[in-house]
1. If Asp54 satisfies every condition in (1) without any contact (Cβ under 8 Å) to a residue 40 or more places away in the chain; (2) under 35 Å from the mean Cα position of the chain (by Cα) but one, which is the exception?
2. Out of Ile304, Ile275, report the one residue that is aliphatic (A, V, I, L, M) and either assigned to a loop (DSSP other than H, G, I, E, B) or without any contact (Cβ under 8 Å) to a residue 40 or more places away in the chain (or both).
3. Conditions: (1) among the hydrophobic types (A, V, I, L, M, F, W, C); (2) surrounded by fewer than 23 Cβ atoms within 10 Å (Cβ to Cβ); (3) not in a loop (DSSP other than H, G, I, E, B). Ala240 meets all but one. Number of the miss?
4. Can you find a residue that is hydroxyl-bearing (Ser, Thr, Tyr), in contact (Cβ under 8 Å) with a residue 24 or more places away in the chain, under 30 Å from Met339 (Cα atoms) and in the same structural domain as Asp412 (by TED's automatic domain parsing) anywhere in region 227-239?
5. For region 40-53, give me each residue that is under 19 Å from Arg122 (Cβ atoms) and either modelled with pLDDT under 85 or not β-branched (Val, Ile, Thr) (or both).
Amino acid sequence: MTTDMWEDPNDDRPALNLPGDPEAEKILAATAMQRPSIVDDLAMQGFDPADMTDDRYRWIWFAVEELSTTFKDGEIRYVPVARQLQAWRADGRIASVPLGEAELRDLYNYAQPGSEGWFAERITKKAIAARLIAHGHSSIARGNSAAFDPDDDVAAAQAEMDGVVRATSDSETTLVAGLLEGVLERAVTAPSLEDRIPTGFVDLDALLCGGWAPGQFVVIGARPAMGKTTVGLGFARAAAIRNQVPTLFESLEMGNAELGNSIMSAEGRIALHHIKLGIVGDDVDATKRMARTAARIQPAPLYINDGALLSTPTLRARVRNLVRTAGLRLVIIDYLQLMQAPRAESRQVAVSEMSRNLKLLAKEFDITVIVLAQLNRGPEQRTEKKPMVSDLRESGAIEQDADIVILLHREDAYEKESPRAGEADLIVGKHRGGPTATITTAFQGHYARFVDMAQT
């Protein structure tokens, strides 16, 4: 038996007595020799041989897996398995002493074909229990440590907790005929709030087949002062305030007071500078409208966090909690370049890892993740100032991971006397599985919002 992966060899505490099921492991190893096909069958069902606690039986499983490529049909008896184990032992791949041929012959009689699924489930349950116990001891050690850090250690403990029950594949190979029924049903059923989140813009909703979809990773790119935060808050307002979709807005740049001002201004059509100057009380109508707007906003499931530090483990922990307690469906991050990057050999590698983790976050929790991002100086150096997807800073990984990339552009930001003053373009530069287009909106900076041209 080797040291358990959860045990620290330098830890002077007593070793954990973790549960296991050696009898089930013994029977499963024997059955694998007699029926090698169970190795692939159980793998498809999510069984992990690493859950076996006895190295001897685990190596038998690996030997059968290796020999299955040679022995195409029928059983693999103990002689080939013994030879494979001895070869690995000679190569130094196996540190412990494997079972010999005589021991494998005796083991072979323990096979129980037809019951392998039940024994595999027994092994998996014991392994989960062992990881849970180990996680508890690890959390106690973190909490008792003099170097305990609430942000890092709690996030790390929550990430470890996610590993207690290993994810299993819920996909399976199917013939194309099995897909057609779903296609026909979707073709005659209009998207609803249950599977789409309205963006707040009619034309953008039409382009995206009803709005944001679960599992999507969306990037909104713009140069500074173009209105990234404003458009991000607009998406949050459309989802949470108008459609009661639980939404998390992570602000790494603006504080709660500024965000509250912007939301009230946009929803109540109250001049933002009047709120900041504290002169709304001079206008009776605006005061009444503000009171009515506040009453309408208050029940909205809009969660806002203005912490200056945000890492992907911390975000993941917060998302998991809100998915469980509030049914979270949309996350908006303002903005990517301000997130805490993981340690990496270069900034580009760190951003690539963050981008990939955000995409995985959207898929794992079946939510939409929208991240705002800065563009480089490319648009300002061109005669045509319109941004392109390649203008995203550290663009390679972000562009690759994103399902949708929308670039924000306002001509009057470069030319004050532009005939398009007051207009803003949402340039859909990438749309995985759909068309791209430019959606024209109206920018109402005094109300801190973008609106449909039809509503102006």
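1. (1)
2. Going through Ile304, Ile275 in turn, just one is aliphatic (A, V, I, L, M) and either assigned to a loop (DSSP other than H, G, I, E, B) or without any contact (Cβ under 8 Å) to a residue 40 or more places away in the chain (or both): Ile275.
3. (2)
4. Going through region 227-239, the residues hydroxyl-bearing (Ser, Thr, Tyr) turn out to be 229-230.
From what is left, the residues that are in contact (Cβ under 8 Å) with a residue 24 or more places away in the chain are 229-230.
Subsequent filtering for residues that are under 30 Å from Met339 (Cα atoms) retains 229-230.
Of the ones still in play, those that are also in the same structural domain as Asp412 (by TED's automatic domain parsing) are 229-230.
Yes, because at least one residue in region 227-239 is hydroxyl-bearing (Ser, Thr, Tyr), in contact (Cβ under 8 Å) with a residue 24 or more places away in the chain, under 30 Å from Met339 (Cα atoms) and in the same structural domain as Asp412 (by TED's automatic domain parsing).
5. Scanning region 40-53 gives Asp41, Leu42, Ala43, Met44, Gln45, Gly46, Phe47, Asp48, Pro49, Ala50, Asp51, Met52.
Condition check ((1) hydrophobic (A, V, I, L, M, F, W, C); (2) under 28 Å from Asn17 (Cα atoms); (3) outside the structural domain of Val154 (by TED's automatic domain parsing); (4) modelled with pLDDT under 85) across all residues:
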site	(1), (2), (3), (4)
Arg35	no, no, no, no
Ile38	yes, no, no, no
Asp55	no, yes, no, no
Trp59	yes, yes, no, no
Glu75	no, no, no, yes
Gly117	no, yes, no, no
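For every residue, the table says whether it meets (1) touching a residue at least 40 places away in the same chain (Cβ under 8 Å); (2) among the aromatic types (Phe, Trp, Tyr); (3) within 30 Å of Thr312 (Cα to Cα).
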position: Asp40; (1), (2), (3): no, no, no
position: Thr69; (1), (2), (3): no, no, no
position: Pro80; (1), (2), (3): no, no, no
position: Arg93; (1), (2), (3): no, no, no
position: Gly114; (1), (2), (3): no, no, no
position: Ser138; (1), (2), (3): yes, no, yes
position: Arg142; (1), (2), (3): no, no, yes
position: Pro150; (1), (2), (3): no, no, yes
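Yes/no matrix, rows are residues, columns are (1) assigned by TED's automatic domain parsing to the domain that holds Gly260; (2) surrounded by fewer than 21 Cβ atoms within 10 Å (Cβ to Cβ); (3) assigned to a strand (DSSP E or B):
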| position | (1), (2), (3) |
| --- | --- |
| Glu380 | yes, yes, no |
| Pro387 | yes, no, no |
| Ala397 | yes, yes, no |
| Gln400 | yes, yes, no |
| Leu408 | yes, no, yes |
| Glu417 | yes, yes, no |
| Arg420 | yes, yes, no |
| Pro435 | yes, yes, no |
| Thr441 | yes, no, yes |
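The values are calculated or read from the model by the stated rules, or taken from the named source; none is laboratory data. As the structure is a prediction and not an experimental result, all values here were calculated from the model. Glycine gets a Cβ as well: all are built from the backbone with ideal geometry, and neighbour counts include every protein chain shown.
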